[in-house]
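A.B. asks: The structure is given below, and queries will be raised subsequently.
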Amino acid sequence: MHLWAAENPHWLRQVKHQKQWSVNVWCDIIGDKIIGPYFINGNLNDNIYANFMKDTLGLLLEELLLFTRQTMWYQHDGCLAH
């Protein structure tokens, strides 16, 4: 949601950002570590996201302790590709 007018701070306009932008950025914070950022060029779709999850996410998380990787939760937002 974005606030578009200072005159009425309660007015919000919902915008589908996934269709507007041509670059997506994945980043994670776990404890005191920042993982990423990882840039995904183009519009995110289910195939690109599945390939990211299958081929890239594990490599990004390799620097974490095994115990952390085994006990962490991965949460998706409401994007259609997820």
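A.B. asks: Can TYR49 be described as open to solvent by 40 Å² or more (accessible area, probe 1.4 Å) and among the hydroxyl-bearing types (Ser, Thr, Tyr)?
C.D. replies: Numbers: open to solvent by 40 Å² or more (accessible area, probe 1.4 Å): no; among the hydroxyl-bearing types (Ser, Thr, Tyr): yes.
Judged against the criteria, TYR49 is not a match.
A.B. asks: Let me ask something else. Out of the range 35-56, which residues are of a type in the set (A, V, I, L, M) and free of Cβ contacts under 8 Å to residues at least 24 places away in the same chain?
C.D. replies: Of everything in the range 35-56, those that are of a type in the set (A, V, I, L, M) and free of Cβ contacts under 8 Å to residues at least 24 places away in the same chain turn out to be ILE40, ALA50, MET53.
A.B. asks: Hey, another quick one. Name every residue in the range 26-46 that is over 20 Å from LEU80 (Cα atoms), out of contact with any strand residue (DSSP E or B) (no Cβ under 8 Å at 6 or more places or on another chain), open to solvent by less than 80 Å² (accessible area, probe 1.4 Å) and not β-branched (Val, Ile, Thr), in order of residue number.
C.D. replies: GLY31 - this is the single residue of the range 26-46 that is over 20 Å from LEU80 (Cα atoms), out of contact with any strand residue (DSSP E or B) (no Cβ under 8 Å at 6 or more places or on another chain), open to solvent by less than 80 Å² (accessible area, probe 1.4 Å) and not β-branched (Val, Ile, Thr).
The values are calculated or read from the model by the stated rules, or taken from the named source; none is laboratory data. Fair warning: this is a prediction, and the values are worked out from it, not measured in the lab. FYI the Cβ positions are ideal-geometry reconstructions off the backbone, even for glycines, and counts take in every protein chain you see. Quick note on the areas: whole protein, heavy atoms, side chains included, nothing else; ligands and nucleic acids left out. Shrake-Rupley method; radii C 1.70, N 1.55, O 1.52, S 1.80 Å.
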